[in-house]
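The values are calculated or read from the model by the stated rules, or taken from the named source; none is laboratory data. Because the structure is a prediction, the values reported are computed rather than measured. Here the Cβ positions follow ideal geometry from the backbone for every residue, glycine too, while neighbour counts run over all protein chains shown.
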């Protein structure tokens, strides 16, 4: 067997374990009985250790060294060796026993978070969170960094990004968004959206979500839709990309928006070509690029006038309460701006402020400037500063997100970056696709999906985010594209003059 064949087989074995872990995590967050969680944590820890040991084995290191010296590899093979080699060297510094210990603690922590959120009691989660922060700090030390331990964590999710660069994005973005939101609230005309409130059965909301996913061309023969506490998408393996969502009984838009969001993630993963399977390239270029796909479908498509021109008749048929509501009324209603407590329910104007808040707090946790026990009060203070609203309980405050419970520090900035990237990608798609808005209005969303497949999805992880953006748009990442989109759209929606 050649070195290349042995390398491919090694990656396939890693992929099989990662597939099993993905299924266990999906089950844990959708169907697992409460009493099954302690044993599941042990199983997850064992399989995680096995997968991790394969990812840092001396055998894999030998394959990589040989292949890095070969000249005859094709583009995909070279990219695979580069990406896997970078991850190998990064993770080689982490002891397998430590990684297993972390995986078990993370599974237990997530279970504790679910109970703490349900009871709105941060005290039930505090000790677990402290452990997750300690693990994150140790990971940063193992990885190594130049300026800040937080940079070592960001690299895992958004290669090439640093906390210093994030601040150069956040500061001017906040300076533009905060006064614009104030102007919308004080001088704009708020859309009527009372008809979006009421009592909506889960079955009705599920039917609406499925219609949207079908319109987006999400392949339900290669996926499924299920409810969960926190919406997420999981790729179990080739031909199995699953979506979950959350239905709020008194808000018909929430479940639809989260389903389209997760559907955007799923379309990306379903669009990864077979030639990239089991190569280390069969995932998104970065978490920010992945988020750009979900935010594009949720917002730039799902909250557009064009989409509601097409989708309004479908919504009216499924939701009797909307039967006499016009397309324009629906469009404006789904674009209501309201500084709110919960990130996943935030409108696209205020959403980034939620991410800025989380970045500020988690950077402080990792650098030691913030104590875990002070988080609930610091959260309330930051919400008041950023959004002008203050949570009355932990469930709607510091406990609302699942990410910290599993140690995902450095992840949140990808949400903001995804918003910025999505506007830039969509502007490029508009240039390339004649009459894109008219096609969306007629229900032909396949043209946009084909463009995304050709320009983004087919490359998987072959290119780092900044390189991919420049290849697709001809420009470097540019937050001003998002700002123009927001200000133009909402100046119209809110009748600002």
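Within segment 460-476, does at least one residue satisfy the condition of being surrounded by 19 or more Cβ atoms within 10 Å (Cβ to Cβ) and either farther than 21 Å from residue 155 by Cα or out of contact with any helix residue (DSSP H, G or I) (no Cβ under 9 Å at 6 or more places or on another chain) (or both)?
yes
Do we find a residue being closer than 30 Å to residue 492 by Cα, in the same structural domain as residue 232 (by TED's automatic domain parsing) and touching a strand residue (DSSP E or B) at 6+ places or on another chain (Cβ under 9 Å) anywhere in segment 310-319?
Within segment 310-319, not a single residue is closer than 30 Å to residue 492 by Cα, in the same structural domain as residue 232 (by TED's automatic domain parsing) and touching a strand residue (DSSP E or B) at 6+ places or on another chain (Cβ under 9 Å).
Considering segment 51-68 alone, what residues qualify as being modelled with pLDDT of 95 or more and surrounded by fewer than 17 Cβ atoms within 10 Å (Cβ to Cβ)?
Within segment 51-68, 57, 58, 59, 61, 62, 65, 66, 68 meet the criteria.
Could you go through segment 284-297 and let me know if any residue there is modelled with pLDDT under 95, more than 15 Å from residue 460 (Cα to Cα) and buried (at least 23 other Cβ atoms within 10 Å of the Cβ).
No, the conditions are met nowhere in segment 284-297.
Out of all the residues in segment 265-278, which are under 15 Å from residue 463 (Cβ atoms) and surrounded by 24 or more Cβ atoms within 10 Å (Cβ to Cβ)?
Passing the criteria: only 268.
Just need a number here: residues in segment 477-497 that are part of a helix (DSSP H, G or I) and either surrounded by 12 or more Cβ atoms within 10 Å (Cβ to Cβ) or touching a strand residue (DSSP E or B) at 6+ places or on another chain (Cβ under 6 Å) (or both). If you could, list the steps in order and put the result at the bottom.
Start the filter on segment 477-497 by keeping residues that are part of a helix (DSSP H, G or I), which leaves 480-493.
If we keep only those that are either surrounded by 12 or more Cβ atoms within 10 Å (Cβ to Cβ) or touching a strand residue (DSSP E or B) at 6+ places or on another chain (Cβ under 6 Å) (or both) as well, we get 480-487, 489-493.
The total comes to 13.
With the requirement that a residue be over 16 Å from residue 373 (Cβ atoms) and either free of Cβ contacts under 8 Å to residues at least 40 places away in the same chain or surrounded by fewer than 21 Cβ atoms within 10 Å (Cβ to Cβ) (or both), what does segment 115-134 give you?
Answer for segment 115-134, where residues must be over 16 Å from residue 373 (Cβ atoms) and either free of Cβ contacts under 8 Å to residues at least 40 places away in the same chain or surrounded by fewer than 21 Cβ atoms within 10 Å (Cβ to Cβ) (or both): 115, 118, 119, 120.
Which of the following residues is farther than 30 Å from residue 140 by Cα and assigned to a loop (DSSP other than H, G, I, E, B): 434, 423, 395?
Being farther than 30 Å from residue 140 by Cα and assigned to a loop (DSSP other than H, G, I, E, B) holds for just one of 434, 423, 395, which is 434.
Criterion first (at pLDDT 95 or above, crowded, with 21+ Cβ neighbours inside 10 Å and assigned by TED's automatic domain parsing to the domain that holds residue 185) does residue 370 satisfy it?
Here the answer is no, as residue 370 does not meet what is asked.
Out of curiosity, is residue 420 assigned by TED's automatic domain parsing to the domain that holds residue 272, closer than 27 Å to residue 26 by Cα and under 21 Å from the mean Cα position of the chain (by Cα)?
Details: assigned by TED's automatic domain parsing to the domain that holds residue 272: yes; closer than 27 Å to residue 26 by Cα: no; under 21 Å from the mean Cα position of the chain (by Cα): yes.
Judged against the criteria, residue 420 is not a match.
For every residue, the table says whether it meets (1) at pLDDT below 95; (2) under 26 Å from the mean Cα position of the chain (by Cα); (3) exposed (fewer than 14 other Cβ atoms within 10 Å of the Cβ).
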site: 40; (1), (2), (3): yes, yes, no
site: 80; (1), (2), (3): no, yes, no
site: 95; (1), (2), (3): yes, no, yes
site: 103; (1), (2), (3): yes, yes, no
